[in-house]
Each structure stands twice: as structure tokens, then as C-alpha cells.
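One structure is given below, encoded as C-alpha cells.
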Amino acid sequence: MFVGYSLVYYDKAILGGATIFGMRTNLDLSVVVDPTATPPKVSTQRLSWATSLFYFGMLAGLFPLTYLFQRFDVGKTVGTVVIIWGAVAMSTAGVTDFRGLYAQRFFLGFAESIVPTAFMVIISGYYTQAEQTWRQCLWYSSTGGMTVVGSLLNYGFAHIHNASLRSWQYLYLFAGALTVLFGIVMLFLPNSPAEAWWFTSEEKVVAVERLRQGQLGMRCQKIKWEQIKEAMLDIKVWIITMMMGIAYVINGCISGFGPLIVSTFGWSAYDALLWQMPLGAICFVGILLVGYVSLKIRNVRLIMLALNCLPVIAGCAMIWKSRWYRRAATPIAGYSILGTFAPVTSLIVSLGMVNVAGNSKKSFTAAATFTFYCVGNIVGPQLIKTQTVGQHYPQLWTAVIVCYTLLVVLSALLYFMFRRENRRRDMLNLDKEEGDRIAFDDLTDKQNLHFRYAY
């Protein structure tokens, strides 16, 4: 799963590197709007739409593909779609203008949409409630790890000259080929611990029984519409999904425009690629750190979430209000600490899974979470107006500061909601044996009063 989500993130982040090594001019992604100005004013609105259309594709694919892996064999369904995704990624090398890139980005997003929701549901079906945040963080940390590795790969591919293809075309062929190989591996993933081919019969029983205490149930392939209705009327589901959208406004900018933004700080195109590495390292370490702490200390997730919002707010202020000159240090420092947005998003992913029970409700929540993830990523690139580069992109940084301040407020609200509901259920003094009996009845968190929320 770590490898798979690395490919998901790399696939999106390639665009940022490719644009500063020829793709912008090769595919007419930038347009001169005022040739009389010195230097001429250039619009990157086409690049913004190329970034956003990926997430429109994700929006279109989320619910139908979530239905498929909920209804059918998860390994074969996900594996087949991933192989198709790899083929679509490789087809980017054949794109000749921005219109072709628009179409390719949409279908790429459509195919990739199956991965994050499937991974969230798979983790919740294999691990206990206490273990899930750490496990979700393990695969989610690949966003940071691949930012570091991907920056080096992009740097290397950028030095390909005088070849039959352009350097950015090799990038997409390489990423797509790796994705196809990963899809083949995914074909062998079992539906649940009870079907895991690497367990003995005794180990399968243990793997299933250890899930009983968390009251999260076992994987059920039947669609239960009453659970979906409950999810649609559950306020906490919408708070968590809205938090995901708010948190991801910044990601659409970094993945699609990161190197381009850094180059405006007075760094060369090659340096701009390498400066993605500190941000990626902070993402990687931050995600693993919050995941590990949540494993050792109970109910600390929302506190960590709020604390990690603060460096993002500070980083935006540093970029916006500092002086930009050749090789400016302050905006680069601010850009690097934006990496703490990744622990924030990983905790939101975890909150959505550990606090929802019932397979259909869980699948709906996962799909809804990544629907808002797409919305945030669509909005982000539209906030970058090249005409405002002289003012340091004020719309972008103002929006992100407001979003992350709101996240702190929503974290506090969820904290008190979950804490109050757990106390209410504790006072009911329910029979523990009854809880063990109904643990695998595929009940929702609202139906099963033995369920406790993790915050």
C-alpha cells in the first residue's frame, strides 16, 4: 500500500516538475496575455485547469468505483483498475496539446480514485481501532517519501537531452510502467483476514477475533442502503469530510505548481525541483510521528491535528510577507514547513475510518471524504493568479490561512462531540458479553452502543 500510494502521489506531482522542463511550452499551457509588458505577462490558467481536471475525474470515479470494490472482490477489482490507470499514465507521452492533456488528466483521475478509498477500507478491515491510525499513516506517509524520491527522479530525468523523446515524456512512461506492475500485484490481495492466503487456519481465526473488541465488524459485500442513509444524516461524517476538503486546498497548489512557485523565489528550475525535498521530508516524518504517537497515547488525534495546523499558517505568512529576491531564504523556509499539512490530512483520513462502523457506511464515508479531497484540490490551483506574482499570490495564502484556522475550530468541535458521546455510552453500563456477540453483525457506530469513538 505504501508503494501504491507513492505512485498515486508521484503521478500527480510529475506535472509540477514537467511544466518547468518543457511541457508548458510544448503543450501551450502558458499564454502571453500582455506582450507589451516587461517582462511579458503570462497566464498559466490552462495549467491550473490541467491540475484541477484530474480531480474532476476523481470526483466522477469515486462513487462508481467504490461501489465496485464494495460489491465485488477487492483485489481483482482494484488491481484491474490500477492496470488501466498505468496505461492512461503512459499515454501522456503521446499528448500533443493542452486539450489532449485535459482529457488525459480527467481519465487519470477517474482511474486513480479507487486507490485511496480502497486503502482506507482495507486497513479498517484488517486492524483494530487502536492500530488503524498508525497503519493508515504508514501508507499515507508515502506522499512525503515520494516527494523526496520523486524530486530526485525528476531532477535526473530533466537532464535527458538530445533523445528521441522529451524528458517529461520519459517521466510519464516510467511512472505508468511501475503502476502496471503494482496493479498486477494488487490482483492477489484477499478480501479480508479470513481469506488471507499467507495465514494458516489458526492465524485466520486469531486475525478475525482480534477485531471483535473494536466493534468495527468484518467486511461485508452486501450494500446496505439504510447505512448509507445514516451516513448522509450523520453530522460527524460531514464535519470530517469538510475538514478533508479544507485541508487539501494547499495540496493542489504544491503538487501542480510547487516547483513553479519556488522558481519565483529566485531559484533555478533545477534548484526548484530539489527544494521539494525538505517539504517532502517534513511530510514523511510528520505523518509517521503523529501515527506513532496515536498508537501509544489514547485520544490525542484531534489535539495533534490542531497543533500541526499552526506551522502551515506560519509558513503561508512567511512566504507572503517576506521579500523575494535571488535565492531568498525566508520564503523557502516558509514553503518547507508547509509540509505539516500532510500530518493534518493523514489524521483526518484516520478519523473518518476509526469513528465509523458498518461496511456500507464506512465505504460511503471513505468516498465522501475523498470527494471533498477532490474539491479542495480543484479550488487550490485556481487561487494561483500569475498576474499577482508581484504581490506574492495574496489570494492563495489568505485562503490557506483561513482554511487552517477553521480546521483548528472544527477539531475542537469534534473533540467535545466525541468525548461527550463516549461518556454518555459509558453511563449506560451495557453487558460486555452482549457486545462481543454482536461485534460482527455489521452494525453502524450509531446502532451499536458498545462502540466507542476515538479522538
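The values are calculated or read from the model by the stated rules, or taken from the named source; none is laboratory data. These figures come from a predicted structure and were not determined experimentally. FYI the Cβ positions are ideal-geometry reconstructions off the backbone, even for glycines, and counts take in every protein chain you see. To get the accessible areas, we keep the full protein, side chains included, count just its heavy atoms, and leave off ligands, DNA and RNA. Shrake-Rupley method; radii C 1.70, N 1.55, O 1.52, S 1.80 Å.
The table for this structure:
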| quantity | calculated |
| --- | --- |
| Value of relative contact order over the chain, rounded to a whole percent, pairs C-alpha under 8 Å and six or more apart | 24 |
| The stretch 347-455: equivalent-ellipsoid semi-axes (sqrt of 5 x gyration tensor eigenvalues, Cα, Å) | 40, 17, 7 |
| Entries of LYS76/LYS236; LYS76/LYS222; LYS222/LYS446; LYS204/LYS362 with Cα pairs more than 27 Å apart | LYS76/LYS236 |
| At least 24 Å along the helix axis (C-alpha) and Kyte average at least -0.5, DSSP helices within the chain | 45-71, 74-91, 167-186, 276-296, 301-321, 359-382, 394-426 |
| Modelled FRET efficiency - R0 25 Å, GLU209 with ASP431, Cβ distances, 0.05 increments | 0.85 |
| Alpha carbon Rg of the stretch 1-150, scaled by the compact-globule rule 2.2 N^0.38 Å | 1.22 |
| Using alpha carbons only: equivalent-ellipsoid semi-axes of the stretch 340-398, gyration tensor based, whole Å | 33, 13, 5 |
| Calculated FRET efficiency for the pair TYR270/GLN447, C-beta based, R₀ 56 Å, to 0.05 | 0.50 |
| Simple spin-label estimate for LYS222 and VAL33 in nanometres, 7 Å along Cα-Cβ | 5.7 |
| Segments 397-408, 341-352, 189-200 sorted - mean Cβ within 10 Å per residue, highest first | 341-352, 397-408, 189-200 |
| Ranked packing of 203-211, 364-372, 175-183, most packed first, by mean Cβ within 10 Å | 364-372, 175-183, 203-211 |
| Estimated FRET transfer efficiency when R0 is 45 angstrom, pair LEU307-THR25 (beta carbons, to 0.05) | 0.60 |
| Fraction of accessible area attributable to carbon and sulfur, the chain (%, probe 1.4 Å) | 66 |
| Residues in the stretch 260-280 reached by a label modelled at ARG323 [backbone nitrogen below 20 Å; 7 Å Cα→Cβ] | 262-268 |
| Segment VAL3-THR330, extension gain: residue separation times 0.36 nm, minus the distance between their alpha carbons | 114.4 nm |
| Coil-residue trypsin sites (Lys or Arg not before Pro) of the stretch 216-321, DSSP, other Cβ within 10 Å capped at 14 | LYS222, ARG298 |
| Over the chain - Rg/Rh using Cα atoms and the Kirkwood inverse-distance radius | 0.99 |
| Kirkwood hydrodynamic radius (C-alpha pairs) into Stokes-Einstein, the stretch 289-359, 4 °C and 1.567 mPa s, D in µm²/s | 94 |
